[in-house]
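Notes for the one structure printed next.
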């Protein structure tokens, strides 16, 4: 995608004539990261960048407090989010005590609790928060960054809090928090000489940088990122729509409801008609959703486009080849040996049509993994599977 945008600009076009559209706000994170890494100015139209969103700041506040109890800004943000009965009067008492002792809000809280200078109700609520942070720090200290983030996000109560939200944005916020966990999974860093940072500290520094002044100004020539809903009434010569996959677009909450499915179809139509000259509809072959690796099927909306109007462009599949244990000589390519290619569409007498994901083994023991539209991903012994090209 980035390469095609750069080619478009190299041909004398403006960045502002490019738009990347997506079904859910959580999808913007990957696009933002790619644009930043490639030095392409961008702006999120009608919304906030990923690391500027309130729920992401809430989660990062918990992570920062786990990493450093003396972070007053994070204490202020996390202490009563979600609400836990710590009132304004209690917070003012903590601030006043911190000013008097010239210490952090965390130290002031511990001192007030230790001295028994709070009412039973206020003291109980504050003690619950302090104990939560201490438990999170102790329980996640030896975890990988992704597991640590997932544990903090879930145990903080933020997921449950937003799921109960009645403002119509709860599901988006939950998806954004899940995408934050995905961001930590793919995060890589390398310490410079003399640095002594934990992986969590490095990620928090990375998040601060990405939440800085990297977004282009309103009138700067920049790529436009937006949800499909925000794109109504706008047109661009070059348009990308990301995540055109089953369970994402149409969304899993709409796919089984005829009325909601039709709304999704209209939303797809709106997105496609934003393109004045070129339109790219993209889908992932592998995606992490709700903490699980999935192999999404292309959206039904793609199959509804007349074939003469489409040109399929496939990236080189990034599926790992199994190691040849018997020979011990290195990597093999069993997919070629069984007569299929990665990404090839095949048909099965029982399971219907699907896409080849991977393969392993040789000869009579060769197996192939196929993601079927109706039955999901399955491993089949090739000799007995009776697969044929679709």
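The values are calculated or read from the model by the stated rules, or taken from the named source; none is laboratory data. Here the structure is a predicted model, which means the values were calculated and not measured. A quick note on method: Cβ atoms are made from the backbone with ideal geometry, for glycine too, and the neighbour counts reach across all protein chains shown.
Observations on the model:
- Remark: residue 195 falls outside the filter, which requires a residue to be modelled with pLDDT under 95, touching a helix residue (DSSP H, G or I) at 6+ places or on another chain (Cβ under 9 Å), surrounded by 14 or more Cβ atoms within 10 Å (Cβ to Cβ) and not assigned by TED's automatic domain parsing to the domain that holds residue 44.
- Hey, residue 215 crowded, with 19+ Cβ neighbours inside 10 Å, part of a loop (DSSP other than H, G, I, E, B) and either touching a helix residue (DSSP H, G or I) at 6+ places or on another chain (Cβ under 9 Å) or modelled with pLDDT under 95 (or both) or not: yes
- Subset of the range 58-86 [in a helix (DSSP H, G or I) and either without any contact (Cβ under 8 Å) to a residue 24 or more places away in the chain or over 24 Å from residue 106 (Cβ atoms) (or both)]: 61, 73, 74, 77
- Matching helices (runs of 4 or more DSSP H) fully within the range 107-201 where at least 1 residues are within 16 Å of the chain's Cα centre (by Cα) and in contact (Cβ under 8 Å) with a residue 12 or more places away in the chain: 145-155, 158-163, 170-186
- Among residues of the range 97-122, those that are farther than 21 Å from residue 68 by Cα and out of contact with any helix residue (DSSP H, G or I) (no Cβ under 6 Å at 6 or more places or on another chain), counted: 7
- Some residue of the range 37-46 being assigned to a helix (DSSP H, G or I) and buried (at least 19 other Cβ atoms within 10 Å of the Cβ): no
- Candidate set: the range 250-263, residues that are in contact (Cβ under 8 Å) with a residue 24 or more places away in the chain and surrounded by 14 or more Cβ atoms within 10 Å (Cβ to Cβ); chosen: the one farthest from the chain's Cα centre (by Cα): 250
- Checked against (1) over 13 Å from residue 49 (Cβ atoms); (2) at pLDDT 95 or above; (3) surrounded by fewer than 21 Cβ atoms within 10 Å (Cβ to Cβ), residue 239 meets all criteria but (3).
- Candidates 6, 32: the one that is assigned by TED's automatic domain parsing to the domain that holds residue 247, touching a strand residue (DSSP E or B) at 6+ places or on another chain (Cβ under 8 Å) and either part of a loop (DSSP other than H, G, I, E, B) or over 16 Å from residue 173 (Cα atoms) (or both) is 32.
- Whether a residue is more than 21 Å from residue 286 (Cβ to Cβ) and modelled with pLDDT of 85 or more was assessed, and residue 244 does not pass this test.
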